[in-house]
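Notes for the one structure printed next.
Nothing in this text is a laboratory measurement; each read-out follows from the coordinates by a stated rule. The structure presented is a predicted model; accordingly, all values stated were derived computationally and were not measured. Every residue, glycine as well, gets a Cβ built from its backbone with ideal geometry; the counts of neighbours run over all protein chains shown.
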Amino acid sequence: MSVDRVLPTPEAHDLLDLVRELAAKEIVPRAAADEAASRFPRDVFSLLGASGLLGLPYPEEYGGAAQPYEVYLQVIEELAAAWLAVGLGVSVHTLSCFPVAAYGSDAQRAELLPAMTGGELLGAYCLSEPHSGSDAAALTTRAVPGADGYVVDGVKAWITHGGVADFYTLMARTSGDGARGISCFHVPAGVDGLSSGTPERKMGMRSSPTAQVRFDGVRLSPDALVGSPGEGFRIAMAALDGGRLGIAACAVGVAQAAFDAASAYARERRQFGSPLTEFQGLAFMLADMATSIAAARALYLEAARLRDAGRPYGTQAAMAKLFATDMCMRVTTDAVQVLGGYGYVEDFPVERHMREAKVLQIVEGTNQIQRLVIGRAIAKGSIG
Amino acid sequence: MNIVVCVKQVPDTATERKLRSDDKTLDRDAADGVINELCEYAVEEALKIKEAHGGEVTVLTMGPSKATDTIRKALAMGADKAVHLVDDALHGSDALSTSYALAQTLKKIGFDLVILGSESTDARTGVLAAMLAERLGTPQLTLARKVDIDGSAVTIERVTDYGYDKVEASLPAVVSVVEKINEPRYPSFKGIMAAKKKPVETLGIADAEIAADQVGLASAWSEVVEFAAAPPRAAGTVVKDEGDGGAKAAEFLASKKFI
């Protein structure tokens, strides 16, 4: 992909060059085979970690690279274009680091963050449960406070990196009252009583394990608590605002990859004596695809710049997630159409992109929830 | 140990490469400049030797000012500092005068071990390591697929048609490497940032005590007299199978001496 990017600094250009090189040499060549074999590319994450890409938006003193979201998200976009399992994996990992980075004590930040952002560890984010998805505040996993910390019991569902993560950022109930009874915890993968289920058999993103994570009498020390007791839901929602931008960037990347494949094919493929691009029916389709990708990119970058400027951006993040992922579903479906029969077979990447796109309309808040978030902001008069 | 890695910026092999019509030298502006691939293996080997035995890795390049991109790449991989030999008088130097200019520079900056790729993707003479060693009066250990350092002894496995030779010498020495030797690392983002702050010394020919009349196009021992663009690829031969397709295909392969 050769997107002409306006980036804020020369170092951001160097960073994107590095990411494109890694994508072209180490990620793209194996994506299809690992997807077909449902093989998790842990070594790719190790390489990205060694290259300094697993803590981009966090402070340098804690092992990060202090990059603005505007730059970090374009890295995610490039990675997702190469292989969604990797782009989305980096987004989920970065989201999992957010509570400690933003709400942890100084001691927690100093002790935990350098390893979390330094590239050797991979994180997972445990909010959803089998019976609590969009209604996240209804979660029932309990962390019962005792004399020497907490005892956690419950099951988390749809956990990206479930079973392969090195740490889990957990939202659990510490008291009975709704959203205000939820607290956030940092849980190392090795603790007794933590186990993961068989990975789900997914429509796409098969190389990235998604599994239930079971907490069975898991004992956590008092300093595993991130933020104050009862602050977990607020932390979870704040983390999701950033996470939604990550998903928007992933969607733009997947759409761009599908468009690149479709447009290259349309220039080369000839029917009735002309390249497909000479037929207005297809040319207009490709024009709409390119335009909507550019619009989605502009939308997530605008939300990112608000965030980087320290302004409220949650509604804009919801808009970006909604628009970019619906766009991605449409563009990848059209890309299959442009390739015709060749689009429907595994010899070309666009059928994979179409399968990948669907999950993006569901994760980090379904697109119905995004509309709810935007609708509430309109009702409050805070936008529009 | 003071290790110097010679690196070269070459036109990207993925782009169309051209010669200049005026002086028949390589048109370095026509294509993107990238680090010569084998030079990355040389840098990697230097870094490995430093990691195992301590010391310092200096990158040395001779090239126009835009070759700083190549220096930065080597520094981002982990080299400590760089020397950039850049002078208009060097333009058009052939292998012989390049080896002279680099040898003069190496004498000035000092070294225990010089490592370089066994050839570049542009000129592909593959003789620089040998010429350098000769000019420096050191042993030459070329085409290494493995390098071991033990005290002041350097041992390599030199790739040959029949396998490899074990070649041993004492430091200081010049070693050239082949792509079998290692897997070059990617620079990290932190490495890229750090590279911007690493010292790069720029030398002209006077600084390195290089005689102007021994370098450049005018004093080159070889001359490009004429060149032509590679002919466009001709249309392939189509064999129509009328029951004898196999025989025709075999005939074609035999005519090209493939079978």
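Some points to look at:
- Of the beta bridges in the stretch A:126-179, as assigned by DSSP with both residues counted there, near 75 percent are antiparallel.
- Total formal charge among the other residues, if their Cβ is under 15 angstrom from that of B:T160, Lys/Arg +1 and Asp/Glu -1: +2
- Phi-based couplings in Hz for the stretch B:212-223 (Karplus 6.51, -1.76, 1.60; Gly and Pro marked x): 4, 7, 10, 10, x, 4, 5, 9, 5, 6, 10, 9
- Residues whose amide H comes within less than 5 Å of that of A:G63, counting only those at least five positions distant or on another chain, are absent (H built at 1.01 Å from N in the peptide plane).
- The stretch A:261-300 and the stretch A:330-377 have their alpha-carbon centroids 17 Å apart.
- Farthest toward the positive end of the dipole of the protein assembly as shown, out of B:T202, A:A66, B:V43, is the Cα of A:A66, where the dipole comes from beta carbon charges about the Cα centre.
- Pairwise centroid distance, computed over Cα atoms, of the stretch A:34-68 with the stretch A:151-204, Å: 21 Å
- Overall form of the stretch B:105-193 per C-alpha gyration tensor (a/c, 1.5; a/b vs b/c): rounded
- Calculated from backbone phi, Karplus (6.51, -1.76, 1.60) coupling profile of the stretch A:59-67 in Hz, x at Gly/Pro: x, 4, 5, 10, x, x, 10, 6, 8
- Prolate/oblate/rounded label for the stretch B:2-219 (Cα gyration tensor, a/c 1.5): rounded
- Amide proton proximity set for A:S196, modelled H, under 5 Å, gap of 5+: A:R214
- Within the listed set A:L225, A:L84, A:L276, the residue fluctuating most in the Gaussian network model of chain A (springs between alpha-carbon atoms under 10 angstrom) is A:L276.
- Over 32 Å between alpha carbons, listed pairs A:K25/B:K24; B:K18/B:K73; A:K358/B:K73; A:K156/A:K321; B:K66/B:K166; A:K321/B:K198: A:K25/B:K24; A:K358/B:K73; B:K66/B:K166; A:K321/B:K198
- In chain A, the DSSP-assigned H stretches of four residues or longer account for a calculated mean residue ellipticity at 222 nm of -17000 deg cm²/dmol, using -39500 (n - 2.57) per stretch and the full residue count as denominator.
- For the stretch B:23-75 versus the stretch B:130-151, the gap between their alpha-carbon centres in whole angstrom: 18 Å
- Remark: the stretch B:140-146, residue by residue, has Karplus-estimated 3J(HN,Hα) of 10, 10, 9, 6, 7, 9, 7 Hz, where x stands for each Gly or Pro and the curve is 6.51 cos²θ - 1.76 cosθ + 1.60 at θ = phi - 60°.
- For B:G126, nonlocal amide neighbours, meaning residues 5 or more places apart or on other chains whose placed amide H falls under 5 Å from its own, are B:S120.
- Peptide A:52-61 has a mean shielding of 1, counted as Cβ atoms of other protein chains within 10 Å of each residue's Cβ.
- Tensor-based shape of the stretch B:142-194 (alpha-carbon gyration tensor, a/c under 1.5 rounded, otherwise prolate or oblate): oblate
- DSSP-defined antiparallel bridges as percent of all bridges, the stretch B:2-219, nearest 5: 40 percent
- Projecting the Cα atoms of A:S105, A:V345, A:I378 onto the charge dipole of the protein assembly as shown (Cβ charges, centred on the Cα centre) puts A:I378 farthest toward the positive pole.
- Span-rule helices in chain A, defined as complete DSSP H runs reaching 15 Å or more along the axis (Cα) with Kyte mean at least 1.0: A:84-103
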